[in-house]
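Right, one structure below, let's go through it.
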Amino acid sequence: MSDNAPPDNAPPDIEVLAEDFEDLKAIVYGFATQLEDNTNKIKRLASAAASGDGQDDNGDSNGKDKQKPKTPPFILWLSGDQYARELTALASWVQHLLVPSYLGEISSSAPWCASWWQHPPAVARLHACWLAWQELTNAETCGLTGPSVWHRDHLDPMLSQLRAADGPFAGCMTNPDRPQHTMLPVPPVTPLPPLPVAEPAETDQAEVTA
């Protein structure tokens with residue numbers, strides 16, 4: 001053993017202790033930082049789960065950047081102010097685009113009703129066609145073939161059904177010089193009678209004691 005080596009019971013060097021202490025501080029700080037980061041991520045996940053927002057791979061909330069896809073409303077299920085707003089917007093589209101551009105001649109084989117908004121089947125069909133028009137004439141969603149698809153898959157079938165001789169306007173205008181509006185009677189429906197409900201099967205005693 002060298003004569004310069006400290007004895008086994010000699011106190012540790014102050015500089016060595018200081019270096020060890022700084023190392024420990026760095027380790028503890030790293031653990032604390034990681035713990036804080038994990039805690040924040042957990043809080044964000046919990047907040048997103050409660051609000052319905054999504055999370056990206058880094059745990060960051062992306063609910064503000066990504067909008068949830070919205071289901072288009074079925075207009076006959078709306079009521080009150082919601083129905084009034086939707087019908088008002090639809091009426092503007094019918095008056096300023098559909099009628100002058102596509103209505104054509106009024107005849108016994110292609111009736112029409114100036115008060116179309118009083119016929120629920122007509123409202124539902126026109127509204128569905130209008131929703132499709134909004135999507136398929138939007139350059140961001142439809143592509144170059146959007147308008148063609150709208151005419152082929154939505155407008156033409158809708159007009160064929162709407163203005164059929166036995167359609168919802170069957171009792172309405174067949175001559176533009178003789179306005180007429182007749183609500184067709186609603187066919188009767190017999191309510192479903194109460195049906196017997198099967199009793200739940202009794203649990204086999206052997207299964208209970210097994």
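Just so you know, all these numbers are worked out from the coordinates, no wet-lab data involved. Because the structure is a prediction, the values reported are computed rather than measured.
Considering only alpha-carbon pairs that sit under 8 angstrom and 6 or more positions apart, the relative contact order computed for region 77-210 is 27 percent.
Scalar couplings 3J(HN,Hα) for region 101-108, obtained by applying the Karplus form with A = 6.51, B = -1.76, C = 1.60 to θ = phi - 60°, are 8, 10, 5, x, 6, 9, 8, 5 Hz; x denotes Gly and Pro. Between L184 and D156, the contour length at 0.36 nm per residue exceeds the Cα-Cα span by 7.7 nm.
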